[in-house]
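The values are calculated or read from the model by the stated rules, or taken from the named source; none is laboratory data. The shown structure was predicted, so the numbers you read here are calculated from the model rather than taken from an experiment. Positions of Cβ are backbone-derived with ideal geometry, glycine not excepted, and every protein chain shown enters the neighbour counts.
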Amino acid sequence: MNPLKNLDKLQPYPFERLRALFAGSQHTGGLAHVNLSIGEPKHPTPDLIKQALIDNLGGLAVYPGTQGLPVLRQAISDWILRRFDALVDPETQVLPILGSREALFSFAQVVLDGCGVGNDVDCHVAFPNPFYQIYEGATFLGGASPVFVNIDPETGLSDFHSLGADVLSKTKLMYVCSPNNPTGAVYTLEDWQKLFDLADEHDIVIASDECYSEIYLDGTAAPIGGLEAASRLGRSDYNNLIVFSSLSKRSNAPGLRSGYVAGDADLIKAFLRYRTYHGSAMSTTVQMASVAAWNDEEHVAENRRLYTEKFKAFSAILEGTLNLHIPPAGFYFWADLGQSDTAFAKRLFEQAHVTLLPGSFLGREVNGFNPGANHVRIALVASLAECSEAAQRIRNIL
């Protein structure tokens, strides 16, 4: 069934590795567990989303269309215009998706069509290192080879221009993540310009993962997105650009499994054709709840306020003990420990009952070096009280 054995190339997910790391370990100090390892929002889902689900339960009785309801595509298009000042046609440049994760994975199947040993075509997919592991899985199952581009510790971003022409000539797809997971770094307009120039020169499709775009420090400038950058740079056709976003982080609704892709109309058309067979249509009940979410900004502003409060409290407690930099966006601290990340994570779990994610689990070794090593990702998703308690326990261990 799988003659190329691509499934065998898939590595255990970071949280599988974390369970294996903790196997046989236990906390004996009686402290309540604080889990800061997984990026699952814990703030309450807004009532307006819950009410919209209740008001539209009749949608459970009908098969949904893959392209989505016009009212949802219009709501997404309107939100993109308000947020990014970028015009997208709701008929040809927007599709609803079942959360960014499934679309980031399945989109590669469209771009990488024809790649693989069986077709005698050598294709590359480039993405940051450390990274969201879906990029790697999509690459392998699309018959391509991953190209890991190490994150610069100074900028928190990857320099795709560091790749040689021989690699870029075979690169079909480039995953970019801004705000970055795990560093929280964001692209500037100049960064986007360089990225577009590189993609144009080598005919590379850019898949821009922007699911953290609405989680930024309260009172600061919102991160520039790919559509905004393209529009400002005169690329209103969004050639070879597809942006992925979601309500999971923005609206504290990870279980809703709702997001969108937007951009290049030709790529959207191909992706729609694929999705028609893929069976990834969104329930109309969920679509109507999504309309309510995209049309409201008050709950998003409150969300940012809560994260900003936790960032400041957490870093204040650990000041002088752990070198923390509050990132421009996202809800992670990416902390350099200066010691083994796996050993520290295990010790912290056993002695303080706090769970963090070792950075090495998010990266891959390139030329003998894993850029995630000696780092931990701290997800500030728990309550302010729990995050503050976790910070104090970390301080005590350090």
Scan the range 18-31 and give yes if some residue there is under 23 Å from the mean Cα position of the chain (by Cα) and assigned by TED's automatic domain parsing to the domain that holds LEU380, otherwise no.
yes
Can you name the number of the only condition in (1) buried (at least 24 other Cβ atoms within 10 Å of the Cβ); (2) within 22 Å of ALA221 (Cα to Cα); (3) out of contact with any His (no Cβ under 9 Å at 6 or more places or on another chain) that ASP191 fails?
(1)
Hand me the list of helices (runs of 4 or more DSSP H) wholly inside the range 150-248 holding 1 or more residues that are in the same structural domain as PHE105 (by TED's automatic domain parsing), within 20 Å of VAL366 (Cβ to Cβ) and more than 20 Å from the chain's Cα centre (by Cα).
165-168, 189-202
Name the single residue that is farthest from ASP209 (Cα to Cα) among those in the range 138-149 being assigned to a strand (DSSP E or B) and either more than 20 Å from the chain's Cα centre (by Cα) or of a type in the set (A, V, I, L, M, F, W, C) (or both).
SER145
Of the residues that make up the range 8-31, is at least one part of a strand (DSSP E or B) and surrounded by 11 or more Cβ atoms within 10 Å (Cβ to Cβ)?
no
Out of ALA138, ALA207, report the one residue that is more than 30 Å from ASN303 (Cα to Cα), modelled with pLDDT of 95 or more and surrounded by 22 or more Cβ atoms within 10 Å (Cβ to Cβ).
ALA138
Candidates ASN35, ASN56 - the one that is more than 30 Å from ALA379 (Cβ to Cβ), touching a Ser or Thr at 6+ places or on another chain (Cβ under 6 Å) and not hydroxyl-bearing (Ser, Thr, Tyr):
ASN56
Residue that is under 24 Å from VAL300 (Cβ atoms), surrounded by 23 or more Cβ atoms within 10 Å (Cβ to Cβ) and of a type in the set (A, V, I, L, M, F, W, C), where the choices are ILE215, ILE224
ILE215
